[in-house]
DNA sequence: ACTTTGGATACTACTATAGTTTCCTAAGAT
DNA sequence: ATCTTAGGAAACTATAGTAGTATCCAAAGT
């Protein structure tokens with residue numbers, strides 16, 4: 001009955017295994033039978049740790065959200081970075097996550113676990129305006145972003161654009177992956193967003 | 001009752017729509033209800049054209065196989081190409097197909113439609129030895145491939161390596177996409193395959 | 001010996017969907 | 001105007017897959 005570290009508690013191990021399965025094969029392919037088998041425990045024990053499948057996935061999503069949020073904070077709070085570097089940092093945090101989030105999986109969640117899909121959307125709605133609002137304000141303060149625009153509105157604009165663009169049906173139409181969508185949207189958005197000075201810094205860090 | 005061209009017959013339209021759904025969202029997400037709805041026809045009419053879901057998918061797979069095979073023939077029969085150019089051509093035929101074949105979809109097929117998965121494997125077992133056997137023989141004839149190796153064995157070697165590497169479970173372990181797997185495997189395989197002369201031609205066309 | 005922990009697995013309840021059928025409407029034919 | 005037929009909408013059936021529960025049993029500690 002020793003108090004266990006959070007890192008290697010049974011719960012953490014279960015969540016980590018489930019996360020791998022989920023991102024590798026999707027929602028339906030992650031069955032409780034398989035998960036228990038993979039972990040070398042019985043379903044009985046599995047249900048002893050978690051009340052159900054959606055609870056597990058919910059915690060996975062929340063964990064990812066927390067991680068991303070923390071990494072974002074680190075970038076935003078680093079006074080040594082200029083605007084373009086912070087933007088680079090923010091994109092580098094998000095891009096790997098998007099790369100392993102397939103349109104197929106999002107669609108599966110939307111269809112078979114709408115509550116989970118909704119939770120992801122809520123996380124985005126909460127975090128994107130916050131992060132990009134701060135980012136744009138910092139950009140304005142240092143003259144890299146046009147001072148005449150409203151940073152919060154710009155953040156919302158970005159959120160709504162990304163929400164629409166990463167919707168499964170849209171992705172099917174554009175034939176783009178979430179990651180490509182991010183890159184293209186970013187190029188477009190910044191092209192109209194930056195002052196000539198900010199544009200130069202940007203181009204150094206995002207070579208064509 | 002005019003005879004319809006093969007291109008826009010109802011059957012071709014159904015297959016094309018089903019193919020898009022299949023590659024965009026996977027096997028389970030392709031339901032007969034949705035397919036009929038998408039096509040603007042009733043399930044009754046759909047089942048009038050095809051005996052069932054797996055028949056449709058089987059025809060899709062066969063069609064892709066035929067297309068690839070024809071493109072391969074065109075490359076192999078082009079006397080103007082040297083070995084490295086033919087290899088480049090063959091890879092360029094396969095790579096786009098692999099790019100849209102996700103590990104998740106393969107796994108889904110393996111689990112829910114083992115017959116289909118098996119059919120894909122059979123197509124590979126038939127075509128890879130044939131194509132690469134011919135390719136290697138041509139390479140030997142022009143001195144780009146070591147003359148002391150058996151081209152059919154090399155083709156089998158390649159087949160077996162690719163089969164193992166693109167198995168869903170392997171992909172989950174390597175964290176590679178099928179396409180990355182192809183590129184990495186190709187680099188490795190040719191590195192030990194070519195004479196110094198063939199190696200030079202190869203490096204011109206596959207810059208590091 | 002007694003108790004506890006947890007694995008294997010049978011079982012239940014439910015959902016999703018492949019495939020079938022029934023009914024009905026509308027457009028062309030007579 | 002009536003008849004015929006093609007095909008859409010949707011109800012229906014049968015079945016497979018799986019979330020979640022319960023039962024049984026073996027091993028390890030007490």
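None of the figures in this text is laboratory data; all of them are computed from the coordinates on show. Please read these numbers as outputs of a predicted model, since none were measured by experiment. FYI the Cβ positions are ideal-geometry reconstructions off the backbone, even for glycines, and counts take in every protein chain you see.
For peptide A:18-29, the mean count of partner chain Cβ atoms within 10 Å of a residue's Cβ comes to 4. Centre-to-centre separation between the Cα atoms of the stretch B:96-124 and those of the stretch A:82-105: 30 Å.
Of all the options A:165, A:81, A:30, the one that moves most in a Gaussian network model of chain A with Cα springs shorter than 10 angstrom is A:81. The simple Förster model, with R0 at 41 Å and r as the Cβ-Cβ distance, assigns residue B:11 and residue A:121 a FRET efficiency of 0.55. How far, in degrees from 0 to 90, does helix B:103-112 lean away from the longest principal axis of the Cα atoms of chain B, to the nearest 10? Once rounded, one gets 50 degrees. For residue B:141, inter-copy separations between label points set 7 Å beyond Cα along the Cβ vector come to 7.1 nm, shortest first.
Computed from Cα positions, the angle between helix A:151-165 and the longest principal axis of chain A comes to roughly 50 degrees. Averaged over residues, the count of other Cβ atoms within 10 Å places the peptides B:141-151, A:56-66 in the sequence A:56-66, B:141-151, highest first. Residues A:175, A:117, B:49, A:37 in ascending order of nearby Cβ atoms (within 10 Å, fewest first): A:175, A:37, B:49, A:117.
The Cα center of the stretch B:32-57 and the Cα center of the stretch A:135-155 differ in position by 52 Å. Relative contact order for chain A: 21 percent, from Cα pairs under 8 Å spaced at least 6 residues apart, divided by residue count. Placing a label point 7 Å from Cα along the Cα-to-Cβ axis, residue B:170 is separated from the same position in the other copies by 3.8 nm, shortest listed first.
Average partner chain C-beta neighbours within 10 Å, per residue of B:101-113?
Numbers: counts 0, 6, 3, 10, 4, 1, 4, 5, 0, 0, 5, 2, 0.
For peptide B:101-113, the averaged partner shielding equals 3.
Counting only alpha carbon atoms, the long axis of helix A:178-191 and the longest principal axis of chain A meet at about 20°.
Using the Cα coordinates of chain A, the gyration tensor eigenvalues translate into equivalent-ellipsoid semi-axes of 37, 20, 14 Å, sorted from longest to shortest.
Based solely on its DSSP helices, what 222 nm [θ] is calculated for chain B when runs of n ≥ 4 H residues each add -39,500 (n - 2.57) and the sum is averaged over all residues, nearest 500 deg cm²/dmol?
-24500 deg cm²/dmol
Quote the relative contact order of the stretch A:37-140 in percent (integer), defining contacts as alpha-carbon pairs under 8 Å separated by 6+ residues. Please report the intermediate quantities before stating the final value.
On the way: 34 pairs, mean separation 35.3, N = 104.
Dividing the mean separation by the residue count of the stretch A:37-140 yields 34 percent.
Each copy carries a label point for residue A:203 at 7 Å from Cα toward Cβ; from one copy, the others' points are 3.4 nm away, ordered from shortest.
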